[in-house]
Structure formats: structure tokens, C-alpha cells
Amino acid sequence: MRWTSLVGLALLVCLSSVARAQRPDQKGNRSRTLSSRQRDALLPTLPDIRTFRDRRSDRFLVDLDTVRTGHPYKGKNARRPHTGSHVYFHVPKTAIPDKQIERFPAIYAVADGVISRIDYSFRLREIFISSLDRRVSNTRYGIGLTFARSAGRPVVMHYSIEPFVDPGDPKFYERFLLVKVGQRVKKGDIIARMYIPPDRRLAQNTHIHFNLLGGPKRSFQAPAIFNQRIVRRFHTTWDNRRGTDDGRAIPPCMGFRLSPAENPFESKAIDAL
């Protein structure tokens with residue numbers, strides 16, 4: 001077989017694998033991930049997650065000036081568990097035009113790592129929004145950043161980016177995703193932008209749900225990798241609704257009332273991490 005034919009065949013195989021990875025599922029969701037071989041090759045290059053217990057990240061996932069409110073990861077031992085931290089954004093006085101991507105809030109890599117998953121379009125269940133007095137569709141996009149290892153498995157910072165709107169076009173959010181699967185990134189790199197819908201009532205619900213995926217069972221875990229300066233500043237944004245657990249004020253932390261599996265550093269339950 002001629003060399004040019006071999007190159008063409010290799011390119012065809014590569015493109016076919018990308019197409020398969022991005023083909024919508026039955027719900028119209030479109031995602032792409034690293035292959036198992038790529039994950040296995042990446043694992044030895046990653047630091048142990050316990051290094052982040054002593055040397056916490058000084059880069060939050062967004063600029064805290066853009067955060068209106070939020071809450072930490074509320075573990076299984078909380079009165080009202082929620083397996084993810086949230087950040088909610090200030091709503092601009094004037095809607096940002098969709099095409100002016102650089103004006104939307106930046107989303108950062110919180111550590112050096114590799115982009116291991118991208119959700120281009122992922123439909124969540126409809127929810128009721130009281131200010132609108134109706135149910136709305138929520139189509140999100142998202143990123144998985146593999147940055148550490150634990151118990152022989154990768155640890156991923158999972159960014160679920162949720163504008164709380166269905167744009168009607170499964171490719172709409174692609175312009176807000178600034179990285180590709182397999183791309184190496186450095187802490188502080190801008191990896192995406194947060195789309196804030198023009199409807200102010202919808203925009204009040206716009207948020208990022210973030211957590212770690214790690215441990216021997218790829219458990220949902222608290223994203224407790226940020227330094228105390230970030231944690232304290234984030235804590236000041238929490239309101240009386242989100243910064244509490246069934247009426248009980250939550251202290252500054254990134255994980256509250258965690259079960260052993262939700263603690264990324266050791267198999268031990270902890271009240272605040």
C-alpha cells in the first residue's frame with residue numbers, strides 16, 4: 001500500500017473515532033472523553049491527591065468578584081446533602097450579546113492537568129422556577145480536568161456548567177468551550193466561559209456545579225483543594241439559603257459533613273474540610 005494511502009487511512013480512522021465520540025445519544029447529549037489507553041498512560045504523570053492537602057491551589061475556578069453566592073459540597077452526613085459545590089453569578093445589568101464570548105465570566109483550570117472530558121451539550125431534567133411560575137429545560141455543558149491520582153485511579157475536577165436554559169441548538173455552547181479533550185493545561189488557563197442568558201429571571205439560576213471524581217470507586221468527593229484565602233472569600237458570598245444546612249450555618253469550608261468516601265485525602269468522615 002502506498003504511503004499516502006496509509007496516511008489517508010490513519011486520518012480516516014482518527015476522524016471516525018472522533019465522530020463516534022461526539023455522536024449524540026438517545027437524549028441528544030454530546031460528549032467526548034479520553035480513551036482508556038490514554039487514561040492509563042496519563043496516570044503515572046499525575047501527583048498524588050494528598051499533595052493538595054498540604055499545598056492547596058491558589059486558583060479558584062472563577063474570579064470571585066463574579067460570584068453572587070454559592071455553597072460548599074454538602075456530604076451524605078449533612079441534613080440536606082448536595083453532592084457538589086455551586087457558584088452563582090452576578091447578573092449583568094445589560095445582557096451580553098451571545099457572540100461577544102470574551103465578555104462572559106472566565107472559567108479557569110484550578111491545577112495543572114489534562115482535559116479528559118468535554119460535554120458539548122447535556123440535557124438535564126426540567127425544573128420548576130418559582131419566579132417564572134413554570135418548568136424550564138436545563139441544557140448544560142461541562143469539562144472534566146484530570147489533575148491528580150488516588151488509589152490507582154485518576155482524580156477529576158468536574159465542572160458542570162449550567163446556564164439553566166435550553167438554547168435550542170446542540171452546538172450552541174461549543175463556542176464557550178476553549179479547550180479540547182487530551183489538551184494539557186496549566187493552572188490559571190481559561191478553559192471555558194460561563195454563558196449567562198439574557199433573561200434575568202433565568203440568569204438568577206445560572207451556576208457551575210463542581211466536585212471531584214476520585215478514589216477507588218470514582219466517588220463524588222468534596223473539591224477541598226483550595227487555600228484558606230479562597231475558602232474564606234468564597235464563604236463571604238454565601239446567603240442564608242445556600243450557606244446553611246437545614247437552617248444550620250455552615251462554617252468556611254469546601255466540604256461539609258463528609259462521609260469517608262467523600263473525603264479526597266483519607267477514608268475518614270469529617271465535619272468540615
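Rule-based calculations on the coordinates, nothing more; no lab input. Fair warning: this is a prediction, and the values are worked out from it, not measured in the lab. Don't worry about glycine lacking a Cβ; one is built from the backbone with ideal geometry, like all the others, and counts go over all protein chains shown.
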Could you compute the net charge surrounding Arg56? Neighbours are other residues with a C-beta less than 15 Å from the C-beta of Arg56; K and R count +1, D and E count -1. +4
Hey, which of these cross-link pairs are over 26 Å Cα-Cα: Lys74/Lys217; Lys217/Lys268; Lys74/Lys268; Lys186/Lys268; Lys74/Lys171? Lys186/Lys268; Lys74/Lys171
Just to be sure I understand the model, the point goes 7 Å from the Cα along the line to the Cβ. What's the resulting Asp199 to Arg123 distance in nm? 1.7
Qualifying trypsin sites (Lys or Arg not before Pro) for segment 138-198 [loop in DSSP, other Cβ within 10 Å: at most 15]: Lys171, Lys180, Lys186, Lys187
